[in-house]
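> Dumping the structure here so I can ask a few things about it.
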Amino acid sequence: MKFTLSWLKDHLDTEASLDAISETLTRIGLEVEGIEDKAAALRPYVIARVISAEQHPNADRLRVCQVDAGDGQPLQVVCGAPNARTGMLSVFAPPGTYVPGKDITLSVGTIRGVESRGMLCSGAELGLSEDHDGILDLPADAPVGTPYAVWAGLDDPVIEINLTPNRADCASIHGIARDLAATGIGTLKREPLPPVRGEGPCPTQVSLAFDAHDKGLCPLFGLRLVRGVKNGPSPEWMQKRLRAIGLRPINALVDITNYLTFDRGRPLHVFDANKVAGGLVVRRAEEGESLVALDGKTYRLDGDVIVIADANGVESIGGIMGGQASGCDENTTDVLIESALWDPRAIARTGRRLGIVTDARYRFERGVDPAFTLPGLDLATRLVLDLCGGTPSQANVVGDVPELTHVIDFPWTEVRRLAGIELSRAEMKVTLEALGFHIAGSGDRVKVLPPSWRADVEGKADLVEEIVRIAGLDRIEPKPLARVETVANEPMLTVLQRRTRLARRALAGRGLMEAVTYSFIAAEDARLFGGGGADLALANPIAADLSDMRPSLVPGLLRAAQRNADRGFPDVALFEVGQCFASDEPEGQSVRAAGIRRGTARHGGAGRHWSGAAAPVDVFEAKADALALLGALGVPTGGLQVVAGGPAWLHPGRSGTLQFGPKTVVGHFGELHPRLLKAMDLKGAQVGFEIVLDALPLPRHRPTKAKPALALSGLQAISRNFAFVVAREVTAADILKAAQGADRKLIAGIDVFDLYEGVGIPDGSKSVAVAVRLQPSERTLTDAEIEAVSAKIVAEVAKKTGATLRA
Amino acid sequence: MDLDALERDLLGQVEQAGDEAALETLRVAALGKKGSVSELLKTLGAMTPEERKERGPLINGLRDRVQGAILAKREALVEAALDTRLAAERIDVTLPLREAPEIRGRIHPISQVIEEITAIFADLGFSVAEGPDIETDELNFTALNFPEGHPAREMHDTFFLAPDHLGRRKLLRTHTSPVQVRTMRAKQPPIRVIMPGRTYRHDSDQTHTPMFHQVEGLVIDRSANIANLKWVLESFCRAFFEVDSVTMRFRPSFFPFTEPSAEVDIQCSRKGGELRFGEGTDWLEVLGCGMVHPNVLRNGGLDPDQVQGFAFGMGIDRLAMLKYGMPDLRPFFEADVRWLDHYGFRPIDVPSLVGGLTA
């Protein structure tokens, strides 16, 4: 919403400075977005006389001018404008002046050997017009030495405020003035608006053709005919104001409607009465109707659009834009002035549907003051009579002004309760009344009736807002929030939240970098990871590759790694901790942690190095990340099983599933499936893992935080080595499990220390050497006991895996 | 051979010995069972007491001096051998190592800033609440007092999923505010929570991404008011931006779910293109806030005449940009390792109020 200072002062009697007004506007919620003060910006530019303009000695196109800028001292200026001539009046800028049109600051210069002290300016150089053709050529009576902006009437600062959608009443300069007046910065000018006494009835009939349930679409419609008008350009003062706020003056009748739209927040429409055939009908448009509107575009209409039609068809889109055919021009002699009330939601819907943005739509969709519909018609009529002459008819009014019935029961203590500030009852009362609220009753509770222009005020909280915003939120002293008990209460974070944070630290600690990628990915990528269902596809994706809610973090990470590779960084290790989606229900959302390593981005380092080049990443890099993560999260890994194989996106022979029993799968790791890499057009070695954090078992709740007693044996442990020959398919996990089963008490640990396939081992078999640590607890083991447990280990492993001892 | 000559000879040989082996041969030849000195000692037994008294000290003295010389020589040879080995073992310790993984890894600034915010609010007694990204229209709009036909409910502002068989469309939450309602419905006051999370709007240009992060705060009890709200936000901004004082401006504004509502600017300076808080004459908008709208309290199952409270919301990505100086939002979601390396945080930099939010 834009307005000028002088325009505001039509409604507000104030001595306050522009700065004070601007600060007050922002303070009461009418945030000033910008102030354009051309007079301030153009202060150094003065009106000057060209005493002489002579040919430059060294340049055909330049002239050397002697200029009088008001103090009688001739100043020499080199000028390239073709229209520079002796005796003319123009605008002069001395050295040191900033030139907005050229974005330069002038200095004393020498142009082709002739000194130049300043510049004669064009409209474009001042940033006022597009006119580059020559320097400004002012009339002979322009006062030499006077600032040009003052003389040209540009000294009316333009203020732009950012209007919040609830404040329809301030889409009006009068409304803004009322808000300002409530702060005491000035007095609202309330000039009486006597009704216009027309001569005879308005000959044009109006009917509101709506079903009973549709009456709200246009509850009130006022129309008046003014005969014998002369429609030329509007007066200069009006044109200047309209131009200042960015509107193009058209003709007096149209300018009057635009002027009142801003002045009073009352949009109006004018029809050329001689182009209207018969009576006007306000109704829903019919499918297939269309209108060439005032913007010259043709709009196809349907039953959701409310129109004003005559015998010729649709003449105007109600509350949004009129039609070209019935518009007013310089030949208009009889004008129909319309002031109507429209349903905000219908206006908003129609405006969006047709893509029309107008000042009328802006106001009607926020809600105009219904009580001002007919006074607005009278005000417009008066302006038409003043500016264009003519004879008015009586108003033809159809419908009713909606009644105001919304009374709020308001205890004054509500202000202290919600805002935490003690204001005097007198101050609160004065504020509300200044804003137009009616207060009935006295004492602690009063009845408050909001004014007709404040449909946004519904209840007590709104009244509190009105009072404190005018008082100033800065008057509310901050008060500490009382402390709550925290020590020994529940932790601030849930287990999952704590694990989410720990997961990030643990993975970053392994050298991976945290990525935050979009929650939506390409449909094809989603399908490759088990997603891509219709229930998780966006109806209106912003881009084709951001269309489906991700079923996994891995595809986003793979794409991110490839982008880095394309930029010349092939060895990247990335992770993400975030949400994935299995359904559109809250339960379908899970928090996952995933990481990928590309190229040679191993935990120990990537790329070539004097100590040895890093090999391409392999499945064990991913496994190490996954297990380190589980360890860091404090997940009890005793029951954790690593099962060979994984989902379809992993290499079937180089992947593993992490689970606590077959029904509690918590994640996967492995090399990415070559088919997947091909489908995603990814290159290079890639391994990854993904853990579903919500699926991890919760820590067991224990009544005490004491750790279990520690029993340390004083007896030395002994180690025995076994080399088993087994079929290739036998897993290390099976061998370890079988060996451990031989004596759960005595065997304190088992490690695989050698793997061998080749000479000396039958084809299809492998040698797996394990070291078993035996820890006696009561007495040193005898040789016979050691032999006995060794034999049992060999027997158990042989039984479970078919192993033989390597010869 | 007389004793003096033998001693000169033996000591000379010891001096000449080149290594420990030569020295040992020498020792055996002199002091071994059949050694020249040992043989002399054996002669003492056959001597008369007088002879022995005269010759004994001479022979024993010879033995002691030879033995001492051999020991000293051995020590010198060991030292020399070690020096030789050390000289041979010299390596170039200036060779560069690979960077340690715990230094190389990075935490994304968004995660770091969420932890910073959480640390501050935890100190004020707030816990962390969360809600789903895929929301219902009811929780994202209706319960938050957005009227029917509000422009935010349109396809050009909000991401929708496909309608179900009843024609209901779920959506991607446009703000973290639905968690307010979820919290009210799940928990009785007093409520003190912050709600960080991902949010989505149908917007993509230089300064907007279709996904971004917000943190919402909610306090509901029997007395929480604007004065408390101002204190909480001032405390937060001071702690977050790590300055001694911040000047804040509360501007009345409008949000459907709060009444009264305000936007908050903080004073800053932009001298030399560097943003600084606690000084200067510029204002920078950082958050929106207000008293929870009575309709929202009702929709949360609470009685607005019995309980009251405030809510506030701010952009996490924007807070990160303001504090850490990233000029653009879009790279936040591009996972460029150069950007992550530069703007990310080391895994050991865990923000806390005890140790300071930033090192």
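> For the subset of the stretch A:510-544 comprising residues that are in a helix (DSSP H, G or I) and without any contact (Cβ under 8 Å) to a residue 40 or more places away in the chain, which member is farthest from the other protein chains (Cβ to nearest Cβ)? So that I can check it myself, show each step before the final result.
Step one: list which residues in the stretch A:510-544 are in a helix (DSSP H, G or I), which gives A:523-528, A:534-536.
Next cut, without any contact (Cβ under 8 Å) to a residue 40 or more places away in the chain only: A:523, A:526-527, A:534.
Working: A:523: 13, A:526: 13, A:527: 16, A:534: 6 Å.
Of everything passing the filter in the stretch A:510-544, A:527 is farthest from the other protein chains (Cβ to nearest Cβ).
> Now a separate question. Identify, please: which residue in the stretch B:345-359 is within 11 Å of chain A (Cβ to nearest Cβ) and under 29 Å from residue B:265 (Cβ atoms) and is, among those, surrounded by the fewest Cβ atoms within 10 Å (Cβ to Cβ)?
Filtering the stretch B:345-359 down to residues within 11 Å of chain A (Cβ to nearest Cβ) leaves B:345-351.
Pick out the ones that are also under 29 Å from residue B:265 (Cβ atoms) and you get B:345, B:351.
Numbers: B:345: 26, B:351: 21.
Going through the qualifying residues, I end up with B:351.
> Next up: Of B:162, B:152, B:143, B:100, which residue is buried (at least 20 other Cβ atoms within 10 Å of the Cβ) and either more than 9 Å from every other protein chain (Cβ to nearest Cβ) or free of Cβ contacts under 8 Å to residues at least 12 places away in the same chain (or both)? Give the steps one after another, and end with the answer.
Values: B:162 fails: buried (at least 20 other Cβ atoms within 10 Å of the Cβ); B:152 fails: buried (at least 20 other Cβ atoms within 10 Å of the Cβ); B:100 fails: buried (at least 20 other Cβ atoms within 10 Å of the Cβ).
Just one listed residue meets the conditions, B:143.
> Return the only residue of A:233, A:267 being closer than 17 Å to residue A:360 by Cβ, in contact with a helix residue (DSSP H, G or I) (Cβ under 8 Å, 6 or more places away or on another chain), assigned by TED's automatic domain parsing to the domain that holds residue A:395 and surrounded by 13 or more Cβ atoms within 10 Å (Cβ to Cβ). Let's see the steps before the verdict.
On the way: A:233 fails: closer than 17 Å to residue A:360 by Cβ.
Residue meeting the stated conditions: A:267.
> Additional query: Assess whether residue A:311 counts as being small (Gly, Ala, Ser), more than 14 Å from every other protein chain (Cβ to nearest Cβ) and touching a helix residue (DSSP H, G or I) at 6+ places or on another chain (Cβ under 9 Å).
Numbers: small (Gly, Ala, Ser): yes; more than 14 Å from every other protein chain (Cβ to nearest Cβ): yes; touching a helix residue (DSSP H, G or I) at 6+ places or on another chain (Cβ under 9 Å): no.
Here the answer is no, as residue A:311 does not meet what is asked.
> Could you check the stretch B:165-177 and list, in sequence order, the residues that are under 19 Å from residue A:539 (Cβ atoms) and touching a residue at least 12 places away in the same chain (Cβ under 8 Å)?
B:168, B:169, B:170, B:171, B:172, B:173, B:174
> When residue A:557 is evaluated against the numbered criteria (1) in contact with a Lys or Arg (Cβ under 7 Å, 6 or more places away or on another chain); (2) within 10 Å of another protein chain (Cβ to nearest Cβ), which criterion, by number, is the only one it fails?
Of everything listed in (1) in contact with a Lys or Arg (Cβ under 7 Å, 6 or more places away or on another chain); (2) within 10 Å of another protein chain (Cβ to nearest Cβ), residue A:557 misses just condition (1).
> If you don't mind, another one. Please work out if residue A:337 is under 37 Å from the mean Cα position of the chain (by Cα) and not aromatic (Phe, Trp, Tyr). First the steps, then the outcome.
Details: under 37 Å from the mean Cα position of the chain (by Cα): no; not aromatic (Phe, Trp, Tyr): yes.
Against the criterion (under 37 Å from the mean Cα position of the chain (by Cα) and not aromatic (Phe, Trp, Tyr)), residue A:337 does not qualify.
> Hey, any hits in the stretch B:326-334 for a residue that's more than 10 Å from every other protein chain (Cβ to nearest Cβ), surrounded by 21 or more Cβ atoms within 10 Å (Cβ to Cβ) and modelled with pLDDT under 95?
Of the residues in the stretch B:326-334, the ones more than 10 Å from every other protein chain (Cβ to nearest Cβ) are B:326-331.
Those still in the list that are surrounded by 21 or more Cβ atoms within 10 Å (Cβ to Cβ) too: none.
No, every residue in the stretch B:326-334 fails to be more than 10 Å from every other protein chain (Cβ to nearest Cβ), surrounded by 21 or more Cβ atoms within 10 Å (Cβ to Cβ) and modelled with pLDDT under 95.
> Which of the residues spanning the stretch A:59-68 are aliphatic (A, V, I, L, M) and crowded, with 21+ Cβ neighbours inside 10 Å? First the steps, then the outcome.
We begin by selecting, within the stretch A:59-68, every residue aliphatic (A, V, I, L, M); these are A:59, A:62, A:64, A:67.
Answer for the stretch A:59-68, where residues must be aliphatic (A, V, I, L, M) and crowded, with 21+ Cβ neighbours inside 10 Å: A:64, A:67.
> So which of A:561, A:624 ends up being over 19 Å from residue A:684 (Cβ atoms) and more than 28 Å from the chain's Cα centre (by Cα)?
Working: A:561 fails: over 19 Å from residue A:684 (Cβ atoms).
Exactly one residue qualifies, and that residue is A:624.
> Test residue B:232 against the criterion of being out of contact with any helix residue (DSSP H, G or I) (no Cβ under 7 Å at 6 or more places or on another chain), in the same structural domain as residue B:174 (by TED's automatic domain parsing) and either at pLDDT below 95 or in a helix (DSSP H, G or I) (or both), and give yes or no.
Yes, satisfied.
> Name the residue that is nearest to the other protein chains (Cβ to nearest Cβ), counting only residues in the stretch B:249-271 that are surrounded by 21 or more Cβ atoms within 10 Å (Cβ to Cβ) and polar (S, T, N, Q). Spell out how you get there, then give the answer.
Of the stretch B:249-271, the ones surrounded by 21 or more Cβ atoms within 10 Å (Cβ to Cβ) are B:250-253, B:255, B:257-264, B:266, B:268.
Remaining after also requiring polar (S, T, N, Q): B:253, B:258, B:261.
Details: B:253: 6, B:258: 9, B:261: 7 Å.
My answer is B:253.
> If I ask for residues that are over 44 Å from the mean Cα position of the chain (by Cα) and not aliphatic (A, V, I, L, M), which ones from the stretch A:96-122 would you list? I'd like the intermediate steps shown before the answer.
Quick first cut of the stretch A:96-122, residues over 44 Å from the mean Cα position of the chain (by Cα) only: A:108-120.
Across the stretch A:96-122, the qualifying residues are A:109, A:110, A:112, A:113, A:115, A:116, A:117, A:118.
Conditions (1) touching a Lys or Arg at 6+ places or on another chain (Cβ under 6 Å); (2) modelled with pLDDT of 95 or more; (3) within 14 Å of chain B (Cβ to nearest Cβ), marked per residue:
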site: A:411; (1), (2), (3): yes, yes, yes
site: A:417; (1), (2), (3): no, yes, yes
site: A:423; (1), (2), (3): no, yes, yes
site: A:429; (1), (2), (3): no, yes, no
site: A:435; (1), (2), (3): no, yes, yes
site: A:447; (1), (2), (3): no, yes, no
site: A:473; (1), (2), (3): no, yes, yes
site: A:485; (1), (2), (3): no, no, yes
site: A:488; (1), (2), (3): no, no, yes
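> Can you name the residue in the stretch A:155-199 that is away from chain B (no Cβ under 14 Å) and of a type in the set (Asp, Glu) and is also farthest from residue A:467 (Cα to Cα) among such residues?
A:199
> Among the residues of the stretch B:116-129, write down those that are within 9 Å of chain A (Cβ to nearest Cβ), buried (at least 20 other Cβ atoms within 10 Å of the Cβ) and either of a type in the set (D, E, K, R) or at positive phi (or both).
Listed by number, the list is empty, since nothing qualifies.
The values are calculated or read from the model by the stated rules, or taken from the named source; none is laboratory data. As the structure is a prediction and not an experimental result, all values here were calculated from the model. Backbone-built Cβ (ideal geometry, glycine too); neighbour counts: all protein chains shown.
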